[in-house]
Amino acid sequence: MNIMTKTMPVLATQDDAETAILASGLAKQYGEHRAVDGLNLAIAAGRTVALIGHNGAGKTTLMKLILGLIRPSSGELAVLGAQPSIAGLDYRRQIGFLPENVAFHDELTGAQMLRFYANLKGADLAQCTALLERVGLSFAANRRVKTYSKGMRQRLGLAQALLGTPRLLLLDEPTTGLDPNSRREFFSIIRELSRGGATVIISSHILTELEAQTDLVAIMKGGHLVGLGPLDTLRQRADLPVRFQVTCPGAANRIRSAFSDLAPVTTGTDNVTLSCPVAQKMSVLARLVALGTDVTDIDIKHPGLDEIYHHFSPRPADSSEGAA
């Protein structure tokens, strides 16, 4: 099916209804530089996606393409069943966007600022009070934005992104400046939106918090999509080793000798770290259990998102990717 036309936005068909974003051979070129290069992507509605990559990997350009701020140089892109670069107001009302560097008019209050954006988007003004409460800013609704802290400005930015109950939410470094409680509340809001069928794309360099909060991981490098899928699927593709942190009071040397085939690392006399391929995990665990009272605790650590990211997108020390 051709999802692009030259004159009209492509409307979703019944078959497309569950696909929020569909790209085929998508490319964006700036002079000699291809910021996005032949990207193929399909994201179902209601998924929360971690979009990660080095600076210059193409993340920002991809977001601009999805928002319709720039046109593709080649390839096809359909978002919510429409071609973003020529879609009209009805399409844009379904999109929420929080940029990395959110900017507001300092002399307006938080409530005035949110009503301003609601008018621009054609959203119900009655949403403003509820959204300020939802992001924890009711107490500061009538204070001028210039008195807001970085975290408060970020929460106001999230409130404006939620105006109109968007079907697609694009968030660029959304937790910058948020304290731990605000971060937890932020991800609670994201889970609520996802359960309601909204698709959420989060671009962030804080990989540890994305690991537990997203359904899919999309890894970009040099304008290419080098990894896409649930974290467990990417773990299997990467085939990185599993680590066993073994607590063994007074028995570290015996265990090190018993597992010499795994090149164990000893920490003092009470702890040993073992690494093995995923396929050997259960056999190594059985061997450890068989040691009886020599082992008092076993902590199994699978590769985290930071290790998976490095596997799919290693960055040499002399790398100098452009900004995009």
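The values are calculated or read from the model by the stated rules, or taken from the named source; none is laboratory data. Not measured: the values here are computed from a predicted model. No Cβ is skipped: glycine too gets one built from the backbone with ideal geometry, and neighbour counts run over all protein chains shown.
Among the residues that make up segment 214-226, is at least one of them in contact (Cβ under 8 Å) with a residue 40 or more places away in the chain, more than 30 Å from Cys276 (Cα to Cα) and surrounded by fewer than 20 Cβ atoms within 10 Å (Cβ to Cβ)?
Looking through segment 214-226, at least one residue is in contact (Cβ under 8 Å) with a residue 40 or more places away in the chain, more than 30 Å from Cys276 (Cα to Cα) and surrounded by fewer than 20 Cβ atoms within 10 Å (Cβ to Cβ).
Only residues that are over 21 Å from Cys128 (Cβ atoms) and among the polar types (S, T, N, Q): list them for segment 139-196, please.
Once the filter is applied, which keeps residues that are over 21 Å from Cys128 (Cβ atoms) and among the polar types (S, T, N, Q), segment 139-196 yields Thr175, Thr176, Asn181, Ser194.
Pick from segment 33-85 the residues that are of a type in the set (Val, Ile, Thr) and in a helix (DSSP H, G or I): which of them is surrounded by the fewest Cβ atoms within 10 Å (Cβ to Cβ)? Please lay out each step first, then the result.
Our first condition is that a residue be of a type in the set (Val, Ile, Thr); within segment 33-85, this holds for 36, 43, 48-49, 52, 60-61, 66, 70, 79.
Pick out the ones that are also in a helix (DSSP H, G or I) and you get 60-61, 66.
Details: Thr60: 20, Thr61: 26, Ile66: 24.
The qualifying residue surrounded by the fewest Cβ atoms within 10 Å (Cβ to Cβ) is Thr60.
With the requirement that a residue be in contact with a strand residue (DSSP E or B) (Cβ under 9 Å, 6 or more places away or on another chain) and of a type in the set (Asp, Glu), what does segment 179-230 give you?
Those that are in contact with a strand residue (DSSP E or B) (Cβ under 9 Å, 6 or more places away or on another chain) and of a type in the set (Asp, Glu): Glu211, Asp215.
Counting only residues that are among the basic types (Lys, Arg) and either closer than 21 Å to Ala20 by Cα or not assigned by TED's automatic domain parsing to the domain that holds Asp90 (or both), which one in segment 140-193 is surrounded by the fewest Cβ atoms within 10 Å (Cβ to Cβ)?
Keep residues of segment 140-193 that are among the basic types (Lys, Arg), which gives 143-144, 146, 150, 153, 155, 167, 183-184, 191.
Narrowing further to those that are either closer than 21 Å to Ala20 by Cα or not assigned by TED's automatic domain parsing to the domain that holds Asp90 (or both): 167, 191.
Values: Arg167: 20, Arg191: 13.
So the residue we want is Arg191.
Could you tell me which numbered condition Arg92 fails, if it satisfies all but one of (1) over 26 Å from Leu234 (Cβ atoms); (2) in contact (Cβ under 8 Å) with a residue 24 or more places away in the chain; (3) buried (at least 22 other Cβ atoms within 10 Å of the Cβ)?
Unmet condition: (3).
In segment 105-112, is there at least one residue being touching a Gly at 6+ places or on another chain (Cβ under 8 Å), in the same structural domain as Leu65 (by TED's automatic domain parsing) and either of a type outside the set (S, T, N, Q) or within 30 Å of Leu22 (Cα to Cα) (or both)?
Within segment 105-112, not a single residue is touching a Gly at 6+ places or on another chain (Cβ under 8 Å), in the same structural domain as Leu65 (by TED's automatic domain parsing) and either of a type outside the set (S, T, N, Q) or within 30 Å of Leu22 (Cα to Cα) (or both).
Against the definition (out of contact with any Phe, Trp or Tyr (no Cβ under 6 Å at 6 or more places or on another chain), of a type in the set (A, V, I, L, M) and more than 24 Å from Thr176 (Cα to Cα)), how does Leu225 come out, yes or no?
Judged against the criteria, Leu225 is a match.
If the requirement is being farther than 23 Å from Lys64 by Cβ, part of a helix (DSSP H, G or I), in contact with a Ser or Thr (Cβ under 9 Å, 6 or more places away or on another chain) and not acidic (Asp, Glu), which of these qualifies: Gly151, Gly136?
Residue meeting the stated conditions: Gly151.
Determine which member of the set Leu131, Leu120, Leu163, Leu171 is touching a residue at least 24 places away in the same chain (Cβ under 8 Å), closer than 17 Å to Ile95 by Cβ and assigned to a helix (DSSP H, G or I).
Just a single option satisfies the conditions, and that option is Leu131.
Which of the following residues is buried (at least 20 other Cβ atoms within 10 Å of the Cβ) and closer than 28 Å to Asp37 by Cα: Ala198, Ala238? Full working, then the answer.
Values: Ala238 fails: buried (at least 20 other Cβ atoms within 10 Å of the Cβ).
Of the residues listed, the single one that is buried (at least 20 other Cβ atoms within 10 Å of the Cβ) and closer than 28 Å to Asp37 by Cα is Ala198.
Looking only at segment 28-46, filter to residues that are aliphatic (A, V, I, L, M) and in contact (Cβ under 8 Å) with a residue 60 or more places away in the chain; which one of those is farthest from Thr199 (Cα to Cα)?
Ala35
Only one residue in Leu210, Leu170 is at pLDDT 95 or above and of a type outside the set (Ser, Thr, Tyr), so which one is that?
On the way: Leu210 fails: at pLDDT 95 or above.
Only one candidate qualifies: Leu170.
Going by the structure shown, is Gln127 crowded, with 20+ Cβ neighbours inside 10 Å and either at pLDDT below 90 or touching a Leu at 6+ places or on another chain (Cβ under 7 Å) (or both)? I'd like the intermediate steps shown before the answer.
On the way: crowded, with 20+ Cβ neighbours inside 10 Å: no; either at pLDDT below 90 or touching a Leu at 6+ places or on another chain (Cβ under 7 Å) (or both): yes.
No, not satisfied.
Give the residues of segment 266-290 that are surrounded by 14 or more Cβ atoms within 10 Å (Cβ to Cβ), out of contact with any Pro (no Cβ under 8 Å at 6 or more places or on another chain) and free of Cβ contacts under 8 Å to residues at least 40 places away in the same chain, sorted by residue number.
Of the residues in segment 266-290, the ones surrounded by 14 or more Cβ atoms within 10 Å (Cβ to Cβ) are 266, 270-276, 278, 280-281, 284-285, 287-288.
Within this subset, residues satisfying the condition of being out of contact with any Pro (no Cβ under 8 Å at 6 or more places or on another chain) are 266, 271, 280-281, 284-285, 287-288.
Listed by number, the residues that qualify are Thr266, Asn271, Gln280, Lys281, Arg287.
Contact list please: Cβ distance under 8 Å, first residue in segment 65-76 and touching a residue at least 60 places away in the same chain (Cβ under 8 Å), second residue among the aromatic types (Phe, Trp, Tyr), pairs at least six apart or on different chains.
Matching pairs, first to second residue: Leu67/Phe97.
With the requirement that a residue be under 15 Å from the mean Cα position of the chain (by Cα), under 21 Å from Ile21 (Cβ atoms) and assigned to a helix (DSSP H, G or I), what does segment 194-228 give you?
If the condition is that a residue be under 15 Å from the mean Cα position of the chain (by Cα), under 21 Å from Ile21 (Cβ atoms) and assigned to a helix (DSSP H, G or I), then Ser194, Leu210 are the ones that fit.
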